[in-house]
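Some notes on the structure that comes next.
Throughout, read-outs are computed from the coordinates displayed, never taken from laboratory work. Note that this is a predicted model, so its numbers are computed, not measured. Reconstructed Cβ throughout: ideal geometry from the backbone, glycine too, with neighbour counts over all protein chains shown.
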Amino acid sequence: MTRSSGAGSGGALGAALEVVRAGALVTVQDLGRPGYAHVGVPLSGALDRGAHVLANRLLGNPPGAATLETTLDGVGLRALAPVTVAVTGAPCPVRVAGRPAAWGAPVLVPAGAVLEVGRAVRGVRSYVGVRGGIAVPEVLGSRSADLLSGLGPAPLAVGGELAVGGAAGAVGEIPGVDVLPVVGPPGELVLPVVPGPRDDWFEGAAEALARGGYRVSPASNRIGLRTEGGPPLVRSPIGAGELPSEGMVLGAVQVPPDGMPVVFLADHPVTGGYPVVGVVPRRALDAAAQARPGTPVVFVPVR
C-alpha cells in the first residue's frame, strides 16, 4: 500500500503511518459506497459501523473518515509524525512505545513511536481511528477495501505507508470529546429477522429458525456470517425448483443447499441464486461483526 495525500490528523502536514505488523487482516474502511449495486458493486464499509463512528467521534473526525478495521490480532503502526489515535470495537490491549495506553479514548502517538494494537480480548474487529482520517485515494466515493470485488486499497502489508489527512487544531487537541457507552461483544448473538421474500420455500422457516442451536461458523468473513450446528432448513414443495438470480441486500439471510443460514454482511454479492428466507435489519449487524466462531446465534422472527 503506497502513501497518498488527502483531506480529512492531529499530526503535522504529511503525517503518515508505517505498517510494522500487518495482522491477520487489516483493511481501510469508511461508511462504504452506497448506490452502485446496479453495476455489481457492494456497499462494503466498516462491519461494526457503531465502533467506526465512535472512533471518529472521539477524534473530532466526521463519521465517514476512514479508519483501520483489524481482525482478531490487531496491528502495529509507526508514526512518522505525531498523530492522535483512538481504538474502539473489540476490546484489546493498546501500547504506545511499549507503554500501556487507553482503549476507547484519544491517545497521542509521538513521531517515531510504535502504536501496538493487540489481540482482541473479546469480539473480532477493532477499529483504529486517526485524527484527520486515513487518506488513501477514493474509489467511487469511498476509501473502503472491498474484498469481494477488489475495489479500494489492498489489505495492509508490512512496510506499507498510510497517509493521514489534515485537520484543524494542534496535535493532541480534540474538540468536543465526550464519554459514550460502549456495547461489548455478544456472548450470544440475537438477530431479529423480517421474514421473506422466499420464506415460503421452506417448511416452517420461522419456527425452524427460532428453534435455535446455530453457532457462528469459522468460515464467516466480511462477505457473510455463516452458521453451523442448527437444524438445516428444509425446502417445501414450493421451493423444489431452481431460483433465478435475484438482488441481494445487506442482512439478507440466504439458505444454500446445506440448509445452514448465511447472513450477508458488507462485502456481500449484489445478486444470488439461493433463496432468502428473511432479512436482518442493519441495526443488528454491528453485533454480528463482533461474534466469534462458536458464538450461539438466535434468530428471532419479527414483523
Footprinting exposure proxy for Val41, Val124, Val20 (fewest neighbouring C-beta atoms within 10 Å first): Val20, Val41, Val124
Pair-distance profile P(r), taking every C-alpha pair of the range 16-163, with 10 angstrom steps and integer %: 13, 46, 33, 7, 1
Spatial separation of Cα centroids for the range 196-253 and the range 97-166, in angstrom: 34
Alpha-carbon radius of gyration plus Dmax, which is the widest Cα pair, for the range 189-301 in Å: 12.6, 37
About the Cα centre, charge dipole magnitude for the chain (Lys/Arg +1, Asp/Glu -1 at Cβ), debye: 580
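When the convex hull of the C-alpha atoms of the range 227-277 is computed, what volume per residue in Å³ does it have? Please list the in-between numbers first.
Working: hull volume 3.7 nm³, N = 51.
Expressed per residue, the convex hull around the Cα atoms of the range 227-277 is 73 Å³.
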Spin-label zone in the range 65-95 - amide nitrogen under 13 Å from a point set 7 Å from the Cα of Glu161 along the C-beta vector: 78-81
Ranked Val234, Val253, criterion: other C-beta atoms within 10 Å, fewest first: Val234, Val253
Value at 222 nm in deg cm²/dmol, rounded to 500, when DSSP H runs of n ≥ 4 in the chain each add -39,500 (n - 2.57): -2000 deg cm²/dmol
Ordering of 153-163, 220-230 by burial proxy (mean other Cβ atoms within 10 Å per residue, highest first): 220-230, 153-163
Equivalent ellipsoid, the chain (semi-axes from 5 times Cα gyration tensor eigenvalues, Å): 38, 19, 15
Relative packing of peptides 51-63, 205-217, 287-299 - highest average C-beta neighbours within 10 Å first: 51-63, 287-299, 205-217
Residues Ser149, Ser142, sorted so that the one with the fewest Cβ neighbours within 10 Å comes first: Ser149, Ser142
